[in-house]
Amino acid sequence: MKAIISIFILLPFISFGQNKNDAELWTGISLQYDASKKLSFGYDAQTRFDKNFSNLKTFFNEIEAEYEILNDVDFGISYRYSQRFKTDYFENDNRIALNLSYGFKLSETGLKFKARGRYQWGFDRLTAINEYIYPENEYELRLKLNLKYENDAFKRIIPFVEYEMFKPILDSPNINFLTAYRIAGGLKFDLVKKHEFEISYIFDRTIQTGETSH
């Protein structure tokens, strides 16, 4: 079993639609179990603080199963239960996601590239929010590109960069092609006994006025 401890720093968080500039702190822990060479299971727990790290914005638990259907091609399904802070109470939020990913090495350079497509469906929100205010965010497509570097002579530190974009499924006159995009860069540290520690800097830009279910 591999245990992964991750720390994320999101600074700044910009939303032009809500005229909001904020610094966020994301922290989390992940566990992964490889049942076979092709099948693996994972668990993630995460907390997200906004208002310059002073307010608990969201916390969630997520379980996932992933299976290698072809060489370097993985299919996964995940379920997330989260609670989001809404002024003076926490609102329940459920999400199911289907993932398809493909990764490969770039010759012998040590660079590895991975692309992941995600279709996600959020439910159990307030009916008025889902159906009238921004229904385009109930169903969403996400595309994530990841590039990392692994040096055989020094495997303990792995730098990486990522780009992810968010696209609603349903069209709306108030929504352009994308609702948000995210750029990240950081370091992953390979520790002893199959433990990993990760720290990254994330720039997240929300383009639309509606909420995006990141």
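The values are calculated or read from the model by the stated rules, or taken from the named source; none is laboratory data. Every value quoted in this text rests on a predicted model; they were computed, and no experiment measured them. Using ideal geometry, Cβ is built from the backbone for each residue, glycine included, and neighbour counts are taken over all protein chains shown. Ligands, DNA and RNA are excluded from the accessible area calculation, which covers all protein heavy atoms including side chains. Shrake-Rupley method; radii C 1.70, N 1.55, O 1.52, S 1.80 Å.
With (1) closer than 22 Å to T206 by Cβ; (2) open to solvent by 60 Å² or more (accessible area, probe 1.4 Å) as the list, and D88 as the residue in question, which single condition is left unmet?
Every condition holds for D88 apart from (1).
Of the residues F53, F41, F8, F13, only one is at pLDDT 85 or above and touching a strand residue (DSSP E or B) at 6+ places or on another chain (Cβ under 9 Å); which? Spell out how you get there, then give the answer.
Details: F53 fails: at pLDDT 85 or above; F8 fails: at pLDDT 85 or above; F13 fails: at pLDDT 85 or above.
Exactly one of F53, F41, F8, F13 is at pLDDT 85 or above and touching a strand residue (DSSP E or B) at 6+ places or on another chain (Cβ under 9 Å), namely F41.
Residues being open to solvent by less than 50 Å² (accessible area, probe 1.4 Å), within 18 Å of Q120 (Cβ to Cβ) and not small (G, A, S): count how many of those fall in the stretch 67-85. Lay out the reasoning, then the answer.
Here is the first cut: in the stretch 67-85, the residues open to solvent by less than 50 Å² (accessible area, probe 1.4 Å) are 68, 73-74, 76, 78, 80, 82-84.
With within 18 Å of Q120 (Cβ to Cβ) added as a condition, the list becomes 74, 76, 78, 80, 82-84.
Imposing the further condition that a residue be not small (G, A, S) reduces the set to 74, 80, 83-84.
Counting residues in the stretch 67-85 that are open to solvent by less than 50 Å² (accessible area, probe 1.4 Å), within 18 Å of Q120 (Cβ to Cβ) and not small (G, A, S) gives 4.
Sort out which residues of the stretch 23-55 are aromatic (F, W, Y) and part of a strand (DSSP E or B), and write them in order of number.
Scanning the stretch 23-55 gives W26, Y33, F41, Y43, F49.
Could you identify the single residue in N99, N174, N151, N137 that is at pLDDT below 85 and open to solvent by less than 20 Å² (accessible area, probe 1.4 Å)? Before the answer, list the steps.
Values: N99 fails: at pLDDT below 85; N174 fails: open to solvent by less than 20 Å² (accessible area, probe 1.4 Å); N151 fails: open to solvent by less than 20 Å² (accessible area, probe 1.4 Å).
Of N99, N174, N151, N137, the one residue that is at pLDDT below 85 and open to solvent by less than 20 Å² (accessible area, probe 1.4 Å) is N137.
Within the set of pairs 6+ apart or on separate chains, which have a first residue in the stretch 58-76 that is at positive phi, a second that is part of a strand (DSSP E or B) and exposed (fewer than 14 other Cβ atoms within 10 Å of the Cβ), and C-beta atoms under 7 Å apart?
Qualifying pairs under 7 Å: D72/F104.
So, in the stretch 56-107, of the ones that are part of a strand (DSSP E or B) and of a type in the set (V, I, T), which residue ends up farthest from E140 (Cα to Cα)? Before you say what the answer is, go through the steps one by one.
Narrowing the stretch 56-107 to residues part of a strand (DSSP E or B): 56-70, 73-86, 89-105.
Checking which are of a type in the set (V, I, T) leaves us with 58, 63, 69, 73, 77, 96.
On the way: T58: 19, I63: 19, I69: 23, V73: 21, I77: 15, I96: 11 Å.
Going through the qualifying residues, I end up with I69.
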